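One structure is given below, encoded as structure tokens.
The values are calculated or read from the model by the stated rules, or taken from the named source; none is laboratory data. Keep in mind that this is a model prediction, so the values were computed, not measured. Here the Cβ is made from the backbone with ideal geometry for all residues, glycine too, and neighbour counts use every protein chain on show. When the accessible area is computed, the model is the full protein with side chains, heavy atoms only, and any ligands, DNA or RNA have been set aside. Shrake-Rupley method; radii C 1.70, N 1.55, O 1.52, S 1.80 Å.
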Amino acid sequence: MITEASSSPANGPADFASRLAAAENWTSAALEAHQEGLWVLTGTERQILADVKAATNPLHGGNLPPHDDESVYVRLGRISNWAGVLRLAARAGGWELHPVVGMHPSSLTRPIGMPDLLSGIYALAEQGERWQQLMLATIAGRNAAAREQPPQPRQDLGQALAELEPRFAKDLATAEGFFTGPGSLDDLSHFFY
């Protein structure tokens, strides 16, 4: 059975910061455990990591984040896809995703492993899903307003989201940096040699 990691329903800056910190801490701890020989990946774990990499191909053409030249829809889709892929990876391995926001990997009473790595990454990927929900609600609101009133010049979607969440553009760029680019999860399979 999979328990999906979830923290407070908030989408605010504090929520993002705690999700980012959890993702960084748990990913780093998993990499360290592997490099120190405390966690040796099984064949199944290696294949699942390869599948995660294939399923989350960022298709950014080698451009470094932030991907300001792309639509917000594409940028959020790229991040939120990670959440679904991680849920599938956990199901494939028979692992449970567990809440890691606000917890430190040193609190574990067992060796760190694949469920912890996936849960750490999921903490930030889930934020992408929340942003995507916010974006879709914003689009639906704009479409409903357009049916009620004469057409108005539309504000850029990124700007509309920034009005709802003032740190949205900065947080989105930070999340992109975690998932794509050099030294990011884009290189995940290289870390687990």
For this session: Can you give me the number of residues within the range 154-186 that are of a type in the set (Asp, Glu) and within 15 Å of the chain's Cα centre (by Cα)?
Result: 3
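Here's the yes/no breakdown for (1) among the basic types (Lys, Arg); (2) farther than 20 Å from His34 by Cα; (3) out of contact with any Lys or Arg (no Cβ under 9 Å at 6 or more places or on another chain); (4) touching a residue at least 60 places away in the same chain (Cβ under 8 Å):
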site: Ala92; (1), (2), (3), (4): no, yes, yes, no
site: Pro99; (1), (2), (3), (4): no, yes, yes, yes
site: His104; (1), (2), (3), (4): no, no, yes, yes
site: Gly120; (1), (2), (3), (4): no, no, yes, yes
site: Arg130; (1), (2), (3), (4): yes, yes, yes, yes
site: Ala137; (1), (2), (3), (4): no, yes, yes, no
site: Gln149; (1), (2), (3), (4): no, yes, yes, no
site: Phe192; (1), (2), (3), (4): no, no, no, yes
Problem set entry | From the options Leu49, Leu20, residue that is open to solvent by less than 40 Å² (accessible area, probe 1.4 Å) and within 18 Å of Asp171 (Cβ to Cβ) | Leu20
Problem set entry | Qualifying residue in the range 68-88 (condition: over 21 Å from Leu161 (Cα atoms), open to solvent by 70 Å² or more (accessible area, probe 1.4 Å) and in a helix (DSSP H, G or I)) | yes
For this session: Scan Gly94, Gly113, Gly120, Gly128 and give me the residue that is out of contact with any Cys (no Cβ under 6 Å at 6 or more places or on another chain) and loosely packed, with under 15 Cβ neighbours inside 10 Å.
Result: Gly94
Exercise. Within the range 160-177, is even one residue among the hydroxyl-bearing types (Ser, Thr, Tyr) and under 23 Å from Gly62 (Cα atoms)?
Worked result: yes
Problem set entry | All positions within the range 152-177 that are under 29 Å from Asp51 (Cα atoms) and open to solvent by less than 30 Å² (accessible area, probe 1.4 Å) | Asp171, Leu172, Ala173, Ala175, Glu176
Problem set entry | Scope the range 13-50; condition under 15 Å from the mean Cα position of the chain (by Cα) and aliphatic (A, V, I, L, M); matching residues | Ala17, Leu20, Ala21, Ala22, Ala23
